[in-house]
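The values are calculated or read from the model by the stated rules, or taken from the named source; none is laboratory data. Quick caveat, the model's predicted, so the values are computed rather than measured. Cβ coordinates were reconstructed from backbone atoms using ideal geometry, including for glycine residues, and neighbour counts include every protein chain displayed. With ligands, DNA and RNA removed, areas are computed over all heavy atoms of the protein, side chains included. Shrake-Rupley method; radii C 1.70, N 1.55, O 1.52, S 1.80 Å.
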Amino acid sequence: MTGSVPLRRLVVPPLLCCALVVGATGCGGGDGNSASSSASPSGTSSAQAQKFAKARFVANAGLAAGATYQWIVKPYRAGKFKKGADGRKLALVKAGLAGGFTYNRLKAAVANAKGDPLLSKAVAPLTAGIESLKGLGEKLRKGEAGAGDIGAFEGVINSIKSAGSSAGAEVKDKVPSASQLGG
């Protein structure tokens, strides 16, 4: 059976092409007297926009909280960042990536919060704390972070969680995958 091609490989592609052509020509017809059949997009209501803003805020803040706890706080408490610890280099690299990821997701969460008036008021005072995390990812990656730096991550995450719950957007930790951390 060398050199033979299964029948379905010969038949299926032309059939799919015909179906697409027939479907496309069948949709465009009309007598020209009818109004335009293309649907115009409708805007989302203010309530829907606020709901989506809260949902995106919760998702981004949850990912930031999960990454902080899983790859920064937990390894730090386990002593993985100390010189001579088993797996120190890998833990530091993961912590550095998690630090950058956390900063990115927190910035996105603050941007999402702007879509909801109550949430934006609750989160607004935290922007300075989030900005203070900007260089900590690199500091973690180099192994230069100390207890104060780890505490800064925890403090900002806890503040975001509190602000979210006070505005009716409860944030729960969601650990991102390693591929999400890498970008």
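Laid out as a table, the results:
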item: Considering residues of the stretch 101-146 that are touching a residue at least 60 places away in the same chain (Cβ under 8 Å) and among the small types (Gly, Ala, Ser) only, the residue nearest to GLY168 (Cα to Cα); result: ALA113
item: Restricting the stretch 64-87 to residues that are in contact with a helix residue (DSSP H, G or I) (Cβ under 7 Å, 6 or more places away or on another chain) and open to solvent by less than 30 Å² (accessible area, probe 1.4 Å), the residue that is nearest to TYR103 (Cα to Cα); result: ALA64
item: Of all residues making up the stretch 82-96, the number that are farther than 20 Å from GLY182 by Cα and of a type outside the set (Gly, Ala, Ser); result: 3
